[in-house]
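S.K.: Sharing a structure here in structure tokens format.
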Amino acid sequence: MLRPIRTLAAAAAALALVSACNSTSDGTAPGKHGAAGNSRGVTAEAIKVGGIVSMTSASGYSKKDTDLGAKARYLRANAEGGVHGRKIDYLGAEDDGQDPAKNLASARKLVQQDKVFAVSPMSSVTFSGADFLEQEKVPTFGWGTLPAFCGPKYIYGFNGCLVPSPGGTLNQTWPEGIGQILGGAQGKSVAVIANDSDAGKFGIRTFQQGFTSAGFTVSYAKASVPGTAVPNDWSAYVKEIMESNGGKAPDAVVSVMQTPNNIGLFTALKRSGYRGLLSDPTDYDPGLLAKDATKQALDGVHVLLQFQPFESAHPQMTQFKADIKAAAGGQEVPLNMHMLTGYMSADLFVSIAQKAGKDLTVESFQAAAQSFSDTGTLVGDRSEPKGQKDSFGCGALVQLKNGAYEVSVPFKCYEPIPFK
């Protein structure tokens with residue numbers, strides 16, 4: 001029952017039919033669909049679900065495999081009988097192009113025209129559709145790297161809230177892991193750099209606090225790299241970083257940016273003679289190893305993961321690999337973190353929907369989420385609504401070394417710290 005991903009042309013045509021108002025297309029008030037409760041997208045046979053993913057972007061960076069990961073999990077759910085007999089009718093993912101206007105338009109289309117019960121996955125660096133989805137009471141699942149995943153009642157991060165508001169907590173996997181690699185954080189310095197965007201600025205704020213709490217001196221912390229285009233000249237950024245530690249280079253450089261930026265920055269740092277630790281949260285993708293220049297630029301980089309590494313022997317990793325292969329038509333495909341983002345977003349949705357029981361409405365789904373927990377998943381132990389305020393606190397680091405990824409810090413759950 002899964003449907004193919006719509007083409008951009010079809011999506012554009014459909015968007016022309018979507019009203020700009022906040023009422024639903026059938027004229028009912030937001031979030032209201034009859035006396036029996038909000039069961040939009042639910043029939044006796046199926047549950048309709050859609051996604052929003054940055055398939056394309058101005059920089060060339062793509063999260064398209066997020067869609068394949070979600071499809072893989074929904075296919076297995078359907079093969080196992082669905083959710084209390086209902087199959088997941090996955091419409092595929094709308095492409096928001098990392099454009100805030102398209103992100104909101106995609107959310108409106110999925111709810112007002114396609115009438116989905118849930119949006120899962122949502123994977124983009126922008127989430128301008130969050131307020132609309134919350135208002136319309138649409139359960140929404142994705143990677144909790146944006147503030148919208150922290151606090152709203154209907155929006156869930158598959159590994160919890162990673163950018164909390166004051167009163168929440170911070171995941172310490174990255175600072176604690178880098179501290180282990182460097183033999184301790186005391187007396188060590190770190191530079192943190194991000195794009196000049198809302199997400200980048202928030203990332204600087206959170207990681208600056210996290211690394212400081214772990215015992216590092218944060219010698220540089222700026223969200224200064226343009227978010228719309230990759231710089232041609234990195235020399236100004238490199239100069240600032242190389243002199244940030246009292247006129248010397250820091251012990252570690254942490255980039256909170258996407259692959260094209262990381263390649264440019266890390267290449268420039270290496271050419272300047274930098275010999276310290278390099279790390280980022282995005283470049284865990286065997287597909288990046290196909291090009292010698294890319295492989296060379298990222299060689300030695302430690303990548304933050306908030307899930308079990310693909311190299312793990314964890315039984316659920318074995319299941320994940322089998323599910324991806326099935327969704328890819330029986331072909332072996334290179335695994336990447338976008339696949340797992342989609343897979344675990346779908347997995348959390350399916351798990352809560354199962355707990356909600358046969359009478360599935362938004363109200364019963366939300367009630368099930370209020371007491372949901374499980375253990376031993378690919379992201380560690382999960383619990384809701386805790387995950388809407390705190391991260392699940394688990395992760396690992398892998399290093400690209402000699403053309404292959406190696407686990408540099410094994411998957412572990414760390415005690416989170418209060419966010420101030």
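The values are calculated or read from the model by the stated rules, or taken from the named source; none is laboratory data. All of these numbers come straight from a predicted model, not from anything done at the bench. Don't worry about glycine lacking a Cβ; one is built from the backbone with ideal geometry, like all the others, and counts go over all protein chains shown. Ligands, DNA and RNA are excluded from the accessible area calculation, which covers all protein heavy atoms including side chains. Shrake-Rupley method; radii C 1.70, N 1.55, O 1.52, S 1.80 Å.
S.K.: Of the numbered conditions (1) closer than 26 Å to residue 305 by Cα; (2) open to solvent by 30 Å² or more (accessible area, probe 1.4 Å); (3) of a type in the set (A, V, I, L, M, F, W, C), residue 265 satisfies every one except a single condition; which is it?
M.R.: (2)
S.K.: Something else now. Name every residue in segment 344-372 that is touching a helix residue (DSSP H, G or I) at 6+ places or on another chain (Cβ under 8 Å), of a type outside the set (A, V, I, L, M), assigned to a helix (DSSP H, G or I) and more than 23 Å from residue 258 (Cα to Cα), in order of residue number.
M.R.: Within segment 344-372, 347, 355, 364, 365 meet the criteria.
S.K.: Right, next: Which ones in segment 367-380 are closer than 30 Å to residue 311 by Cβ, open to solvent by less than 70 Å² (accessible area, probe 1.4 Å) and either of a type in the set (Val, Ile, Thr) or in contact (Cβ under 8 Å) with a residue 60 or more places away in the chain (or both)? Working first, answer last.
M.R.: Our first condition is that a residue be closer than 30 Å to residue 311 by Cβ; within segment 367-380, this holds for 372-380.
Filter again for open to solvent by less than 70 Å² (accessible area, probe 1.4 Å), leaving 372, 374, 376-380.
Within segment 367-380, 376, 377, 378, 379, 380 meet the criteria.
Conditions tested, residue by residue: (1) open to solvent by 30 Å² or more (accessible area, probe 1.4 Å); (2) modelled with pLDDT of 95 or more; (3) part of a strand (DSSP E or B).
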residue: 59; (1), (2), (3): yes, no, no
residue: 74; (1), (2), (3): no, yes, no
residue: 81; (1), (2), (3): yes, yes, no
residue: 87; (1), (2), (3): yes, yes, yes
residue: 94; (1), (2), (3): no, yes, yes
residue: 101; (1), (2), (3): yes, yes, no
residue: 106; (1), (2), (3): no, yes, no
residue: 121; (1), (2), (3): no, yes, yes
residue: 125; (1), (2), (3): yes, no, no
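S.K.: Could you check segment 395-416 and list, in sequence order, the residues that are open to solvent by 30 Å² or more (accessible area, probe 1.4 Å) and in a strand (DSSP E or B)?
M.R.: 399, 401, 404, 406, 407, 408, 410, 411, 412, 413
S.K.: Please verify whether residue 245 is at pLDDT 95 or above, out of contact with any Gly (no Cβ under 8 Å at 6 or more places or on another chain) and crowded, with 21+ Cβ neighbours inside 10 Å, treating the condition exactly as stated. Quick ask: steps written out before the conclusion?
M.R.: On the way: at pLDDT 95 or above: yes; out of contact with any Gly (no Cβ under 8 Å at 6 or more places or on another chain): yes; crowded, with 21+ Cβ neighbours inside 10 Å: no.
It is false that residue 245 is at pLDDT 95 or above, out of contact with any Gly (no Cβ under 8 Å at 6 or more places or on another chain) and crowded, with 21+ Cβ neighbours inside 10 Å.
S.K.: In segment 128-228, which strands (runs of 3 or more DSSP E) lie fully inside it and hold 1 or more residues that are surrounded by fewer than 24 Cβ atoms within 10 Å (Cβ to Cβ)?
M.R.: Working: elements: 140-142, 155-157, 189-195, 217-225.
Ranges flagged: 189-195, 217-225.
S.K.: From the list 258, 316, 296, 306, which residue is buried (at least 21 other Cβ atoms within 10 Å of the Cβ) and either more than 21 Å from residue 57 (Cβ to Cβ) or modelled with pLDDT of 95 or more (or both)? Outline the logic, then answer.
M.R.: On the way: 258 fails: either more than 21 Å from residue 57 (Cβ to Cβ) or modelled with pLDDT of 95 or more (or both); 316 fails: buried (at least 21 other Cβ atoms within 10 Å of the Cβ); 296 fails: buried (at least 21 other Cβ atoms within 10 Å of the Cβ).
Exactly one of 258, 316, 296, 306 is buried (at least 21 other Cβ atoms within 10 Å of the Cβ) and either more than 21 Å from residue 57 (Cβ to Cβ) or modelled with pLDDT of 95 or more (or both), namely 306.
S.K.: Enumerate the pairs (first residue in segment 291-302 and under 10 Å from residue 400 (Cβ atoms); second residue anywhere and part of a helix (DSSP H, G or I) and modelled with pLDDT of 90 or more) with beta-carbon separation below 6 Å, excluding pairs fewer than 6 apart on the same chain, so at least 6 apart or on different chains.
M.R.: These pairs meet every condition: 297/263; 297/266; 297/267.
S.K.: Considering only residues that are in contact with a Ser or Thr (Cβ under 9 Å, 6 or more places away or on another chain), modelled with pLDDT under 95 and either part of a strand (DSSP E or B) or more than 17 Å from residue 336 (Cα to Cα) (or both), which ones fall in segment 265-293?
M.R.: Passing the criteria: only 293.
S.K.: Of everything in segment 325-366, what is hydroxyl-bearing (Ser, Thr, Tyr), closer than 16 Å to residue 140 by Cβ and open to solvent by 20 Å² or more (accessible area, probe 1.4 Å)? Give them in sequence order.
M.R.: Within segment 325-366, just 351 meets the criteria.
S.K.: Follow-up. Just need a number here: residues in segment 37-56 that are part of a loop (DSSP other than H, G, I, E, B) and in contact with a Phe, Trp or Tyr (Cβ under 8 Å, 6 or more places away or on another chain).
M.R.: Quick first cut of segment 37-56, residues part of a loop (DSSP other than H, G, I, E, B) only: 37-41, 43-45, 54-56.
Adding the requirement that they be in contact with a Phe, Trp or Tyr (Cβ under 8 Å, 6 or more places away or on another chain) leaves 39-41, 54.
The qualifying residues number 4.
S.K.: Could you identify the single residue in 341, 375 that is within 24 Å of residue 145 (Cα to Cα), outside any helix (DSSP H, G or I), in contact with a strand residue (DSSP E or B) (Cβ under 8 Å, 6 or more places away or on another chain) and hydroxyl-bearing (Ser, Thr, Tyr)? Even if it seems obvious, please write down each step before you answer.
M.R.: Working: 341 fails: outside any helix (DSSP H, G or I).
So the residue among 341, 375 that is within 24 Å of residue 145 (Cα to Cα), outside any helix (DSSP H, G or I), in contact with a strand residue (DSSP E or B) (Cβ under 8 Å, 6 or more places away or on another chain) and hydroxyl-bearing (Ser, Thr, Tyr) is 375.
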